[in-house]
1. I'd like to check something: does segment 142-153 contain any residue that is open to solvent by 40 Å² or more (accessible area, probe 1.4 Å) and over 17 Å from residue 109 (Cβ atoms)?
2. Can you find, within segment 89-117, the residue that is surrounded by the most Cβ atoms within 10 Å (Cβ to Cβ) among those that are over 18 Å from the mean Cα position of the chain (by Cα) and outside any helix (DSSP H, G or I)?
3. If I go through segment 118-155 residue by residue, how many of them are part of a loop (DSSP other than H, G, I, E, B) and modelled with pLDDT of 95 or more?
4. Counting only residues that are in contact with a Lys or Arg (Cβ under 9 Å, 6 or more places away or on another chain) and among the aromatic types (Phe, Trp, Tyr), which one in segment 238-278 is farthest from residue 301 (Cα to Cα)?
5. In segment 156-174, what residues are in a helix (DSSP H, G or I) and surrounded by fewer than 16 Cβ atoms within 10 Å (Cβ to Cβ)?
6. Go through segment 175-194 and report how many residues are of a type in the set (S, T, N, Q), open to solvent by 30 Å² or more (accessible area, probe 1.4 Å) and touching a helix residue (DSSP H, G or I) at 6+ places or on another chain (Cβ under 8 Å).
7. Taking the conditions exactly as written (closer than 19 Å to residue 135 by Cβ, in contact with a strand residue (DSSP E or B) (Cβ under 8 Å, 6 or more places away or on another chain) and at pLDDT 90 or above), does residue 51 satisfy them or not?
8. For the condition open to solvent by less than 30 Å² (accessible area, probe 1.4 Å) and within 15 Å of residue 118 (Cβ to Cβ), what is the one hit in 9, 48, 2?
Amino acid sequence: MDLARRIADRGSELLLFALTPPRTTTSTERAQEIADVTRERLGPLGLDGLVLYDIDDESDRNPQERPFPFLPTMDPGSFRSEHLDAWDLPVVVYRAVGKYERDELRSWLETQDAAGVLTVFVGASSREKQTPVSLPEAQALRAEVRPDLGLGGVAIPERHTRRGDEHDRLIAKQRAGCSFFVSQVVYDVNAAKNLVSDYHYACAEQGLEPVPIIFTFSVCGSLKTLEFLGWLGVDVPRWMQNDLRNALDTLEASYQHALGAARELIGFCRHLGMPFGVNVESVSIRKAEIEASVELAREIAGELRR
């Protein structure tokens, strides 16, 4: 069964794997090598789909110095069509909609094969940022041009902790056409549980059937990566920060935390009867972190009822 149908049926516990395309400076030959290695590495995992992120410079929303420099990456749609054409599973292509002109976004929507592509629209990184296309405008454009193309939205547990209304945002996105959500990387399990609980019961009150939330997990291989997570707005609980900073092996410690968090959220969603999935994120170029992410996906796959 294809990913869009499994999402619509709401009965499957989904497993995705997410990565960023190569940098824009990467040669065509090297980009193809990366794509081939990716297919070989991820093939045995039995994934339901691959996620390709659309990276944007978010320095406008955080005045502090970025721990890692912003390095533009290849367009995820182009990377898929030009280098991952042999990939035989669905691909969820992120679109940071503010990066594109309306006609450019329209053209991309019109040319996608709904049998193999879904998309997640991401809005501007701050309210002050002026963009050619807003998130609501992009949602309306997709409804006009390609209502058959599976649309997802972003869920941010940390925003729910700060404002208490992220579940209302999810419902608004669902009414605008989103059939699933993918969370920002989860380190604070309680924040994620609060969000999914509030969303689940709000849907019940409004007579809506909740759509799957796919929770993202990742390993953290260094203290600089931990700093970067904070810069991005990811809440890492203080006790976990202390643990990672004092661990003999930061990567192994983060692996165990991610696995434990995934297991806890899996059990909680089953308890609620909430449709869900897991997305393992690998955005590092370090081989050890990439291999740890693949192993995390393999271990989580054994926890899911598929």
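The values are calculated or read from the model by the stated rules, or taken from the named source; none is laboratory data. Computed from a prediction, not measured in an experiment: that's the story for all the values here. Ideal geometry is used to build each Cβ from the backbone, glycine not excepted, and the neighbour counts take in all protein chains shown. For the accessible areas, the whole protein counts, side chains as well, though only heavy atoms, and no ligand, DNA or RNA atoms are used. Shrake-Rupley method; radii C 1.70, N 1.55, O 1.52, S 1.80 Å.
1. For segment 142-153, residues open to solvent by 40 Å² or more (accessible area, probe 1.4 Å) and over 17 Å from residue 109 (Cβ atoms): absent.
2. Ranking the qualifying residues of segment 89-117, first place goes to 112.
3. Taking segment 118-155 and keeping what is part of a loop (DSSP other than H, G, I, E, B), we get 123-134, 146-150.
The next check asks that each one be modelled with pLDDT of 95 or more; those that pass are 146-150.
So the answer is 5.
4. Among those that are in contact with a Lys or Arg (Cβ under 9 Å, 6 or more places away or on another chain) and among the aromatic types (Phe, Trp, Tyr), it is 268.
5. 162, 163, 168, 172
6. Filtering segment 175-194 for residues of a type in the set (S, T, N, Q) gives 179, 183-184, 190, 194.
In the following step, the residues that additionally are open to solvent by 30 Å² or more (accessible area, probe 1.4 Å) were identified as 179, 184, 190, 194.
Cutting the leftovers down to touching a helix residue (DSSP H, G or I) at 6+ places or on another chain (Cβ under 8 Å) gives us 179, 184, 194.
Residues flagged as of a type in the set (S, T, N, Q), open to solvent by 30 Å² or more (accessible area, probe 1.4 Å) and touching a helix residue (DSSP H, G or I) at 6+ places or on another chain (Cβ under 8 Å) within segment 175-194 amount to 3.
7. Numbers: closer than 19 Å to residue 135 by Cβ: yes; in contact with a strand residue (DSSP E or B) (Cβ under 8 Å, 6 or more places away or on another chain): yes; at pLDDT 90 or above: yes.
So residue 51 passes the test.
8. On the way: 9 fails: open to solvent by less than 30 Å² (accessible area, probe 1.4 Å); 2 fails: open to solvent by less than 30 Å² (accessible area, probe 1.4 Å).
48 is the lone residue from the list that is open to solvent by less than 30 Å² (accessible area, probe 1.4 Å) and within 15 Å of residue 118 (Cβ to Cβ).
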